[in-house]
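The values are calculated or read from the model by the stated rules, or taken from the named source; none is laboratory data. Just so you know, these numbers come straight off a predicted model, no measurement behind them. Don't worry about glycine lacking a Cβ; one is built from the backbone with ideal geometry, like all the others, and counts go over all protein chains shown. The accessibility values were calculated without ligands, DNA or RNA, using every heavy atom of the protein model including side chains. Shrake-Rupley method; radii C 1.70, N 1.55, O 1.52, S 1.80 Å.
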Amino acid sequence: MQPPPVEFELRALRGAARASDVLELADQLDRLTRPTSLLSRIEAMTGLRLGELEALLAVSEGADHARAVARATRQADTAAAATVQALQERALVGRHHHPAAAACLSEARMLHVTERGRIVVAQVEAIRIRMAEALVLALGEHRTRAIRASIEQLAGVLEEPGAIRAAPP
């Protein structure tokens with residue numbers, strides 16, 4: 001019986017890469033996904049948690065109902081609905097009727113970013129830009145180009161269907 005194609009077996013890596021190399025790379029990738037000072041700064045300045053920030057940004061980018069927010073943020077529908085409700089209570093997100101629907105038929109369902117929400121979105125974007133600028137200055141032009149090239153290659157591999165699978169035994 002063959003192992004499932006998605007199963008990741010360290011013994012299968014002998015010919016392709018050493019297990020220690022793979023584990024070290026996994027640790028390094030994990031460092032990139034952990035909360036960083038950038039995230040901490042954005043959360044401190046806006047008073048919003050990461051999930052709330054993601055939901056607000058999703059609405060600002062066109063998610064017009066809680067299910068669309070859930071898809072954009074990879075949250076469960078119920079979690080996204082609760083997050084949207086919290087954003088609405090903070091007056092960052094508002095609701096309106098669909099233009100084609102009769103206003104008296106039901107409560108407002110469509111989402112939009114309020115003026116206060118637009119200010120938070122602008123703050124987040126400004127922080128991102130300042131942090132990226134500081135990072136580029138700290139790394140220098142040569143290292144920044146090398147990192148960008150590596151990120152492009154990594155993204156290409158991760159986005160390629162079937163690119164990441166267990167090595168043959």
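Please enumerate the residues belonging to the stretch 78-101 that are assigned to a loop (DSSP other than H, G, I, E, B), within 24 Å of GLU125 (Cα to Cα) and among the aliphatic types (A, V, I, L, M). Before you say what the answer is, go through the steps one by one.
First, the residues of the stretch 78-101 that are assigned to a loop (DSSP other than H, G, I, E, B): 90-92, 97-101.
Retained after the next criterion (residues that are within 24 Å of GLU125 (Cα to Cα)): 90-92.
If the condition is that a residue be assigned to a loop (DSSP other than H, G, I, E, B), within 24 Å of GLU125 (Cα to Cα) and among the aliphatic types (A, V, I, L, M), then ALA91, LEU92 are the ones that fit.
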| task | Being in contact with an Asp or Glu (Cβ under 9 Å, 6 or more places away or on another chain) and more than 17 Å from ILE42 (Cβ to Cβ) is the filter here, so list the residues in the stretch 52-68 that pass it. | result | ALA66, ARG67
| message | Scan the stretch 119-129 and tell me whether some residue there is outside any helix (DSSP H, G or I), loosely packed, with under 12 Cβ neighbours inside 10 Å, of a type in the set (A, V, I, L, M, F, W, C) and modelled with pLDDT under 95. | response | no
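Per-residue answers, yes or no, for (1) open to solvent by 90 Å² or more (accessible area, probe 1.4 Å); (2) touching a residue at least 24 places away in the same chain (Cβ under 8 Å); (3) over 20 Å from the mean Cα position of the chain (by Cα); (4) more than 30 Å from GLN28 (Cβ to Cβ):
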| residue | (1), (2), (3), (4) |
| --- | --- |
| GLU61 | yes, no, no, no |
| THR83 | no, yes, no, yes |
| ARG95 | no, no, yes, yes |
| ALA138 | no, no, yes, no |
| THR144 | no, no, yes, no |
| request: State yes or no: is ASP64 over 21 Å from ALA132 (Cα atoms) and either modelled with pLDDT under 80 or in a helix (DSSP H, G or I) (or both)? | output: no
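Rundown of residues vs (1) out of contact with any Leu (no Cβ under 7 Å at 6 or more places or on another chain); (2) under 18 Å from ALA122 (Cβ atoms); (3) modelled with pLDDT of 70 or more; (4) of a type outside the set (Asp, Glu), yes/no style:
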site: PRO35; (1), (2), (3), (4): yes, no, no, yes
site: LEU38; (1), (2), (3), (4): yes, yes, no, yes
site: ALA44; (1), (2), (3), (4): yes, yes, yes, yes
site: GLY47; (1), (2), (3), (4): yes, yes, yes, yes
site: VAL69; (1), (2), (3), (4): yes, no, yes, yes
site: ALA76; (1), (2), (3), (4): yes, no, yes, yes
| message | Is it the case, given these coordinates, that GLU141 is at negative phi, modelled with pLDDT of 85 or more and not hydrophobic (A, V, I, L, M, F, W, C)? | response | yes
| task | Could you look through the stretch 13-33, keep only residues that are among the aliphatic types (A, V, I, L, M) and open to solvent by less than 70 Å² (accessible area, probe 1.4 Å), and pick out the one that is modelled with the lowest pLDDT? | result | LEU13
